[in-house]
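Notes follow once the structure below has been shown.
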Amino acid sequence: MATFQTLPGFREFYPEDFSRRNHLFRLWRQTANTFGFAEYDAPVLEPLDLYKAKSGDEIEAQLFSFTDKGGREVALRPEMTPTVCRLVGARASALKRPIKWFSIAEFYRYERMQKGRGRCFFQFNADIFGEPGPEAETELIALLVQCLAAFGLTEQDFFVRLSDRNLWFYYLEALGLDEARIRGVLVAVDRFEKYGDDAFKGYTEQFGPLDEGVKAKVLAFLRIKSLAALEQTLGAIGGEKLAARLADWKKLLGNLAAMGLARFIEVDLGVVRGLAYYTGFVFEAFDRKGELRALAGGGRYDDLVQKLGGPALPAVGFAIGDMTFALLLEQRGLMPTLVQAPDVYCVIGGEAERLTAFGDIHALRAAGYRVDYPLKEVAFGKQFKTASESGAKLALVYGGDELAKGVVKLRDLGARTEQEIPRAQVVATVRDFFSA
Ligand code: HAM
């Protein structure tokens with residue numbers, strides 16, 4: 001017999017995996033709610049054009065795309081950002097500002113598989129539309145930090161690297177590069193950490209070798225790790241635009257410090273992000289030990305809503321991926337063992353008692369309790385064993401003798417105590433037990 005396996009890079013979620021996944025989603029959702037973000041979702045399959053030339057060459061090369069039966073070029077979504085731009089763009093005039101939205105959804109990229117990278121993965125996305133100033137970045141970076149800290153991770157476990165594509169543009173312009181060359185250099189900067197000098201290959205192929213003096217300045221700029229060093233390097237360029245930008249930096253860092261989050265944030269101009277649509281501040285979250293790939297990434301993308309046919313609308317956002325994040329939680333011993341135990345296990349004598357028990361079982365479930373029982377007749381002793389192994393707090397015993405007296409036995413499996421209760425009192429007694 002042929003055995004079918006999942007496609008490479010695709011995942012199955014057995015119940016124990018699913019409960020871990022739910023744990024992530026539950027805390028992310030809860031955290032987004034405390035920040036006042038509203039949840040949305042959208043289609044998994046989108047027109048291919050939504051991603052072409054908007055997300056950048058790297059994502060475009062990784063698309064799962066095909067022609068559907070109606071002859072449409074379509075792709076499985078590799079990210080949420082173009083989609084959420086369409087949603088917000090279509091109703092921009094009706095939506096109350098600032099628009100603060102989040103989603104938890106699955107994405108697909110045909111990537112080379114490695115630790116923490118698959119071909120399907122979940123992301124928690126959060127975005128703010130309609131706010132041009134660093135107040136939006138403040139909200140989002142604070143949310144990003146809290147989405148990780150909510151699980152018990154601290155500044156010893158992760159940090160956020162903060163950079164700025166605007167400043168990169170100003171700087172490279174001042175070095176005499178035109179827009180196409182600037183974009184080429186930024187692609188190289190994005191790859192530099194991973195590939196070293198080879199990162200400039202693409203640039204060289206397109207524009208010829210980068211002038212050695214300019215390259216040295218680029219390499220020095222990407223090593224900048226503080227606002228003071230940044231101000232010093234840019235001091236020579238001057239100008240109003242630059243002064244306003246540095247004021248934004250101070251505001252953002254000041255806001256985050258006031259929230260008590262300075263310990264999580266590091267200025268690091270080495271981050272420029274691979275996605276083509278980012279325009280201003282960009283940021284990425286990493287584990288402190290540097291063992292894992294990025295936990296999260298995001299930034300400002302003020303032009304994308306308009307590029308996709310909507311009105312001019314400033315936007316910032318980020319996404320956390322579930323795979324590296326789950327690895328980090330496991331490494332730090334912060335992934336809880338999640339047991340799905342019933343509240344009540346019913347031990348049932350025979351077929352006659354079973355019919356009586358069914359009434360109570362259904363009433364308890366309708367009252368919100370998780371109740372289990374053996375589907376087929378099983379010896380009493382075995383049922384008690386199953387009850388205690390199930391992790392249930394209570395067992396209800398429906399024996400012939402008890403039912404003849406109009407009672408059932410209620411056994412507290414933790415305290416190992418037992419009492420008889422009138423059948424009519426079953427739901428009320430269980431409720432009293434769990435509310436105590
Ligand atoms: P991204 O950096 O491509 O950004 O992805 C964000 C996170 O998703 C990554 O840091 C990583 O944790 C996870 N991720 C990405 N690709 C994979 C993969 N193949 N396997 C496992 N995890 C992966 C974006 O997607 C932007 N759209 C984020 C954003 C939202 N920007 C503004 N708003």
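The values are calculated or read from the model by the stated rules, or taken from the named source; none is laboratory data. Just so you know, these numbers come straight off a predicted model, no measurement behind them. Glycine also receives a Cβ, built like all others from the backbone with ideal geometry; neighbour counts cover every protein chain displayed. Calculation scope for accessible area: heavy atoms of the full protein, side chains included, ligands and nucleic acids excluded. Shrake-Rupley method; radii C 1.70, N 1.55, O 1.52, S 1.80 Å.
Values for this structure:
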read-out	value
Failed condition for P336, given (1) outside any helix (DSSP H, G or I); (2) assigned by TED's automatic domain parsing to the domain that holds Q123	(2)
Search result, residues across the range 43-61 that are within 13 Å of the ligand (Cβ to nearest atom) and either under 20 Å from the mean Cα position of the chain (by Cα) or not assigned by TED's automatic domain parsing to the domain that holds G118 (or both)	S55, I59
All positions within the range 128-146 that are touching a helix residue (DSSP H, G or I) at 6+ places or on another chain (Cβ under 6 Å) and within 12 Å of the ligand (Cβ to nearest atom)	I128, F129, E137
Strands (runs of 3 or more DSSP E) contained entirely in the range 1-112, each with at least 1 residues that are surrounded by 14 or more Cβ atoms within 10 Å (Cβ to Cβ) and hydroxyl-bearing (S, T, Y)	65-67, 99-108
Unmet requirement for D287, which otherwise passes all of (1) more than 12 Å from the ligand (Cβ to nearest atom); (2) of a type in the set (D, E, K, R); (3) at pLDDT 95 or above; (4) more than 21 Å from D127 (Cα to Cα)	(1)
Residue list for the range 197-214, filter: open to solvent by 30 Å² or more (accessible area, probe 1.4 Å) and either assigned to a helix (DSSP H, G or I) or more than 13 Å from L175 (Cα to Cα) (or both)	D197, D198, K201, G202, T204, E205, Q206, F207, P209, E212, G213
Members of the range 62-101 that are free of Cβ contacts under 8 Å to residues at least 12 places away in the same chain and within 14 Å of the ligand (Cβ to nearest atom)	none
Among the candidates L227, L261, residue that is within 27 Å of L143 (Cα to Cα), open to solvent by 20 Å² or more (accessible area, probe 1.4 Å) and modelled with pLDDT under 95	L227
Conditions (1) open to solvent by less than 60 Å² (accessible area, probe 1.4 Å); (2) closer than 17 Å to D432 by Cβ; (3) of a type in the set (V, I, T): number failed by T417	(1)
A315 vs. criteria within 8 Å of the ligand (Cβ to nearest atom), more than 18 Å from the chain's Cα centre (by Cα) and among the hydrophobic types (A, V, I, L, M, F, W, C)	yes
Options D322, D302; residue that is away from the ligand (no atom under 11 Å from the Cβ), modelled with pLDDT of 95 or more and charged (D, E, K, R)	D302
Selection from the range 230-254 of residues that are open to solvent by less than 70 Å² (accessible area, probe 1.4 Å) and touching a Gly at 6+ places or on another chain (Cβ under 8 Å)	D248
Conditions (1) more than 26 Å from the chain's Cα centre (by Cα); (2) closer than 24 Å to A229 by Cα; number of the one not met by Y195	(2)
